[in-house]
1. Taking the condition at pLDDT 95 or above, on the phi < 0 side of the Ramachandran plot and in contact with a Phe, Trp or Tyr (Cβ under 8 Å, 6 or more places away or on another chain), does Ala277 pass?
2. Out of all the residues in the stretch 260-274, which are in contact with a helix residue (DSSP H, G or I) (Cβ under 6 Å, 6 or more places away or on another chain) and more than 13 Å from Val66 (Cβ to Cβ)?
3. Can you find even one residue in the stretch 144-160 that is assigned to a helix (DSSP H, G or I), modelled with pLDDT of 70 or more and under 25 Å from Val321 (Cα atoms)?
4. Take the conditions surrounded by fewer than 22 Cβ atoms within 10 Å (Cβ to Cβ), of a type outside the set (Asp, Glu), at pLDDT 80 or above and within 13 Å of the chain's Cα centre (by Cα) and apply them to Leu95. Does it pass?
5. For the stretch 55-76, what are the residues that are over 30 Å from Leu202 (Cβ atoms) and either touching a Leu at 6+ places or on another chain (Cβ under 7 Å) or among the hydroxyl-bearing types (Ser, Thr, Tyr) (or both)?
6. Quickly run through the stretch 293-319 and pick out the residues that are more than 17 Å from Leu10 (Cα to Cα), in a helix (DSSP H, G or I) and not small (Gly, Ala, Ser).
7. Condition (residue is in a helix (DSSP H, G or I) and either modelled with pLDDT of 95 or more or within 21 Å of Ala257 (Cβ to Cβ) (or both)) applied to the stretch 51-65: is it met by at least one residue?
8. Out of Phe70, Phe6, I need the residue that is within 30 Å of Leu261 (Cβ to Cβ) and at pLDDT 85 or above. Which one?
Amino acid sequence: MTHPVFEALLPVVLLIALGYCVGRRGWVGAAATKDLSNLVFLVLAPALLFRTMSGVRVQDIDFRPVLVYFGAMWLVFGAVLWRLGLTRRAAVLGLAATFSNTLMIGVPLVGLAYGQQGLVTLFALVSLHAFVMLTMVTVVLEFAVLAEQQRAAGSAAAALHWPARLRKLALTVARAGRASLLHPVPLPILCGLLFAQTGLQLPSVIDRPLQLLGAAFGPVALLLVGISLAGTALGGHWRVALGLMLMKNLLHPLVLALLGLALGFAGVPFAVMVLAASLPIGANVYLYAMRYRVAEEEVTAAIAMSTMLGVATVALVMALVPYLP
């Protein structure tokens, strides 16, 4: 009999490998990659997310494992800040050590491993993942910018500008929160949940196209991951990349598992959270590195290494998850 880990992970690996070959052969260029990314995030993902959650009642979702996930995430993030100090680089590297690729890799993998029940739990996390994590990291980064400016200008001179800087911080956080809520990932989840509360059923003429679009998400997203890897080089940052990969792929799920076990969690929702914590680094981290102009090459290398070695680390975590209570 084929091992369940092998059955769930092999299709993911094969599609990423196929995408890598496509990228190396040059069959899909840089411009087309951007277009494919837009197709995945703006069309295929919303269809899958809305259709899945349109049949789920809010009261049937257990959000407690999601809270444990965020608790473990902030423990690891806080450890990075404690070690490196309150700087932009520390905040971005801390985000890399905790922010999972829950959509492009997580959705296909959890769907294969745990089916509809697992996807509902994962989508509960996805609906809050970007909003909670990215908004809070924006706050940390803006405070880091203020701290760096204060150190550069001197405490006396910097103190004169604190009111203006705090106003800028408030506006930045508000924009980040708004962008996270209106993002094409959490928005269809929330809309689907709202529709489900009406008790109505999607007409077949609408449901069938959504089903077809949603079915295309997994293969196209995984191919896109492989194509992106084909154009990424580790450069001279492999030590930092290796450290971030170990923290994201192994330390994060370990902290989550220990925290969850200490609090008495068990079952499929908890297993899905542990698996989600073991997923490779998400691409949003690079966007923050670019926005704040710090650790861009290190983050790029870490995302590549985390994804490439994620085959082994995710397989290890999936093999150990059944031994959880």
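1. Yes: the conditions hold for Ala277.
2. Within the stretch 260-274, Val268, Ala271 qualify.
3. no
4. Criteria not met by Leu95.
5. Matches in the stretch 55-76: Val68, Gly71, Ala72, Val76.
6. Answer for the stretch 293-319, where residues must be more than 17 Å from Leu10 (Cα to Cα), in a helix (DSSP H, G or I) and not small (Gly, Ala, Ser): Glu296, Glu297, Glu298, Val299, Thr300, Ile303, Met305.
7. Yes - at least one qualifying residue is present in the stretch 51-65.
8. Selected residue: Phe70, the only one of Phe70, Phe6 that is within 30 Å of Leu261 (Cβ to Cβ) and at pLDDT 85 or above.
The values are calculated or read from the model by the stated rules, or taken from the named source; none is laboratory data. In this text, all values refer to a predicted model and were calculated from it rather than measured experimentally. Note that each Cβ is placed from the backbone with ideal geometry, even for glycine, and that neighbours are counted across all protein chains shown.
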